[in-house]
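Read through the structure below, which is laid out as structure tokens, and then see the notes.
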Amino acid sequence: MHHAQIFVNLPIADMARSQAFFKALGYHFNPQFTNDQGACLVVGDNLFVMLLVRDFYQTFTSKAIADAHTTSEVLVCLSCPSRDAVDTLVDRAVAAGAATPRPAQDLGFMYSRSFDDLDGHTWEFVHMVDASQALG
């Protein structure tokens, strides 16, 4: 069976600033698919986010580009292996200039925190307790 890859495309204002922000979180970019117009952020196996400068992003759509600071166009949610990993990522994001749109959510079986990146896109990180751990 083919394992699909996902490429989430997000418009950004400043390539250097966005790359520096995500590198501060510990992520890296695939240089084969990165230039001054777009950058391929590697977030996991088969999981990629294409950061596209707004003018370049506009070439892919005839629709107006949402201002993510005022309009929600997508919520990017990624799983983490632990609560500490969630906290580490969000704390790094805040230190690199991100905003936190809401407090941490602790539902017992799931812990989540989120941040708005420099372009206003909301990223949520979650740790879910698997059933075998919950049944203990």
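Each reported figure results from applying straightforward, stated rules to the coordinates on display, with no laboratory input. Since the structure is predicted, the reported quantities are computational estimates derived from the model, not experimental observations. Positions of Cβ are generated from backbone atoms using ideal geometry, with glycine treated the same way; all protein chains shown enter the neighbour counts.
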Linear extension gain, Val94 paired with Val74, 0.36 nm per residue minus alpha-carbon span: 5.2 nm
Nearest 10 degrees, 0 to 90: helix 15-24 Cα axis against the chain principal axis: 20
Distant alpha-carbon pairs in the chain (separation over 24 angstrom), percent: 33
Chymotrypsin sites (Phe, Trp or Tyr not before Pro) within the range 32-73, DSSP loop, no more than 13 other Cβ atoms inside 10 Å: Phe60
MRE, 222 nm, helices only [DSSP H, n ≥ 4, -39500 (n - 2.57), over the chain, to nearest 500]: -6500 deg cm²/dmol
Exposure proxy order (Cβ contacts within 10 Å, fewest to most) of Ser72, Ser114: Ser72, Ser114
Low-density loop positions, trypsin sites (Lys or Arg not before Pro), the range 1-102 - DSSP coil, at most 13 other Cβ in 10 Å: Lys63
Cβ-based net charge around Ala85, under 14 Å, with every Lys or Arg adding one and every Asp or Glu removing one: -1
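What is the chain's relative contact order, in percent, from Cα pairs under 8 angstrom and six or more apart in sequence?
That works out to 22 percent.
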Cβ-defined net charge surrounding His127, 12 Å radius [Lys, Arg +1; Asp, Glu -1]: -3
Highest-fluctuation residue, Asp119, Asp45, Asp55 considered, GNM on the chain with Cα pairs under 10 Å: Asp45
Local electrostatic count, Val94, Cβ distance below 15 Å [Lys/Arg +1, Asp/Glu -1]: -2
At most 14 other Cβ within 10 Å, DSSP loop - chymotrypsin sites (Phe, Trp or Tyr not before Pro), the range 76-134: Phe109
